[in-house]
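Report on one structure; see the data block that follows.
Values in this text are rule-based calculations from the coordinates and carry no lab data. The structure displayed is predicted, hence computed values, not measured ones. For neighbour counting, all protein chains shown are included, and Cβ atoms are generated from backbone atoms with ideal geometry for every residue, glycine included.
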Amino acid sequence: MSRRLTCCFLLVLGVIFGCNKTPEFTQLESGLGFRYVDQLEGEKPKVGDLMKVKMSHYLGDSLIYESSKDGIYLNPYTGTPPKLSEALNLCGAGDSVQVQMSLGEYGRMIQMPMSPRMDTSRLVTWNIRVDEIENESIILERLTKEQAETDEKLINDYIVKNNLEANSTEEGVYYVISQEGDGQFPKPGDNVFVNYTLTRLDGFVVDTSREDVARANNQYSDRRTYVPYGFELGTRGIIQGWNIGLQKFSKGARGTLFVPSAYGYDTRGKGAEVPPNTVLVFDIELVDIK
């Protein structure tokens with residue numbers, strides 16, 4: 001190879017490797033290390049925005065946390081530790097970045113108990129990709145609509161599979177009346193007394209006011225009195241699905257309520273047995289109205 005060709009070849013290699021070289025970490029005011037892996041110069045977050053990100057945390061070469069494949073939403077101004085907030089506010093839509101900190105700092109940031117035997121000087125690296133930055137109200141409206149559509153499909157699929165004749169309220173709470181009552185329907189402000197069994201769509205029994213059902217599902221507790229549950233219809237202490245759906249049951253009626261997650265436990269869930277965004281199924285008997 002001629003000297004001229006050799007120089008050209010080395011120049012090309014230099015350009016290739018120079019372009020692909022990941023920049024060094026820079027130290028932010030917070031003390032965290034920060035660097036761009038892929039910077040697209042997208043719009044940076046503003047007050048009132050949420051960021052949808054995918055992230056993974058590594059202690060050395062060991063993965064210690066990974067977000068779901070769909071990513072998670074973060075508010076870069078509130079709800080995140082101040083030091084991390086500084087780093088997030090440098091990220092634009094489409095950017096991939098790395099944030100680095102000591103294991104000790106990591107433990108303080110996520111409130112993780114630290115063993116005295118841990119080497120808190122070891123480095124933890126966060127890999128963060130920003131998929132979206134948008135106003136919080138717009139994102140919440142979209143997510144609410146998407147979840148409502150998902151819940152409705154799940155309920156309708158269940159109804160079709162089980163050959164049920166169901167009606168629905170304007171809110172999307174579905175109900176099946178298997179035994180008609182006396183024609184006296186409750187209204188907000190009435191005290192109602194209800195026997196119920198709460199299940200998920202997969203049939204798992206979460207809770208019941210019936211002793212026989214509790215015993216059959218290994219949930220019986222001798223510290224509980226199994227009687228119809230009484231409450232004032234329309235109060236905020238009850239999930240909205242009951243306030244909506246029970247008005248379709250007359251005194252003595254039996255049937256089933258299918259409650260979309262928005263009118264149940266929503267994104268909060270309820271313990272391990274009711275994950276966030278779970279459709280609730282209630283077998284109902286409206287025992288009395290007073």
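With 26 Å as the limit, write out which pairs from K153/K187; K44/K69; K54/K161; K44/K83 have Cα-Cα distances beyond it, or answer none.
K153/K187; K54/K161
To one decimal place, what orientation-averaged projected area in nm² is obtained for the convex hull of the Cα set of the range 146-284?
8.6 nm²
Of [x] 234; [y] 116; [z] 182, which is the value of volume of the Cα convex hull per residue in Å³ derived from the coordinates here?
[x]
Springs between alpha-carbon pairs under 10 angstrom, Gaussian network model over the chain: which of K187, K69, K248 fluctuates most?
Highest fluctuation among the options: K69.
Just want the answer: with Cβ charges of +1 for Lys and Arg and -1 for Asp and Glu, which residue in T26, G42, Y175 is farthest toward the dipole's positive end in the chain?
Result: T26.
In nm, to one decimal, how far is the N89 label point from the V37 one, both placed 7 Å along Cα→Cβ?
Output for this residue pair reads 2.5 nm.
One quarter of the convex hull surface, Cα atoms only: what value does that give for the range 98-225 in nm²?
16.2 nm²
Just to be sure I understand: with springs between alpha-carbon atoms less than 10 Å apart, which residue in I244, I110, I138 has the highest mean-square fluctuation in the Gaussian network model of the chain?
Taking springs between Cα atoms under 10 Å, the residue moving most is I110.
With charges only on Cβ, +1 for K and R and -1 for D and E, what is the dipole size of the chain about its Cα centre, in debye, rounded to 20?
940 debye
Using 1/(1 + (r/R0)^6) with R0 = 41 angstrom and r between the beta carbons of A216 and S250, what's the FRET efficiency to the nearest 0.05?
In this case the efficiency is close to 0.90.
With a 10 Å cut-off between alpha carbons and a GNM built on the chain, which of T120, T208, T150 moves the most?
Per the Cα network of the chain with a 10 Å cutoff, T120 tops the list.
Grab the beta carbon distance between T235 and R108, set R0 = 45 Å, and tell me the FRET efficiency rounded to 0.05.
0.60
Mind giving me the FRET efficiency for Q27 and S178? R0 is 41 Å, r the Cβ-Cβ distance, nearest 0.05 is fine.
Calculated transfer efficiency: 0.05.
Could you size up the charge dipole of the range 206-274 around its Cα centre, putting +1 on the beta carbon of Lys and Arg and -1 on that of Asp and Glu, and report it in debye to the nearest 20?
140 debye
Where in the chain is the longest stretch that carries no GluC sites (Glu not before Pro) classed as loop by DSSP and with at most 12 other Cβ atoms within 10 Å?
44-164
Calculate how large, on average over all directions, the projected area of the Cα convex hull of the range 101-152 is; give the answer in nm² to one decimal.
Orientation-averaged projected area of the Cα hull: 6.0 nm².
Please list, by residue number, everything in the range 23-62 whose backbone N is under 14 Å from a paramagnetic label point 7 Å out along Cα→Cβ of N127.
37-38, 54-62
May I ask for the distance between the Cα centers of the range 53-129 and the range 203-219, given as a whole number of Å?
The two parts, judged by their Cα centres, are 42 Å apart.
With every atom except the alpha carbons ignored, what do you get for Rg and Dmax of the range 22-175, in angstroms?
Over the range 22-175's Cα set, Rg and Dmax evaluate to 20.5, 64 Å.
Of M101, P116, G71, whose Cα points farthest to the positive end of the dipole of the range 55-149 (charges on the beta-carbon: +1 Lys, Arg; -1 Asp, Glu; origin at the Cα centre)?
Sorting the options by dipole projection puts first P116.
When the chain is fully extended, how far beyond the present Cα-Cα distance does E141 get from S115, taking 0.36 nm per residue of separation?
5.1 nm
Put +1 on the Cβ of each Lys and Arg and -1 on the Cβ of each Asp and Glu in the range 204-251; which of I239, T225, F249 then has its Cα farthest toward the positive end of the dipole?
Among I239, T225, F249, the one farthest towards the positive end of the dipole of the range 204-251 is F249.
State the Kirkwood hydrodynamic radius of the range 228-290 in Å, one decimal place, computed from all pairs of distinct Cα atoms.
By the Kirkwood definition, the hydrodynamic radius is 12.3 Å.
How big is the range 38-100 by the Kirkwood estimate over distinct Cα pairs, in Å?
Every distinct Cα pair counted, the radius reaches 12.5 Å.
With the Cα gyration tensor of the range 175-237 in hand, convert its eigenvalues to equivalent ellipsoid semi-axes via √(5λ) and list them largest first in whole Å.
24, 16, 12
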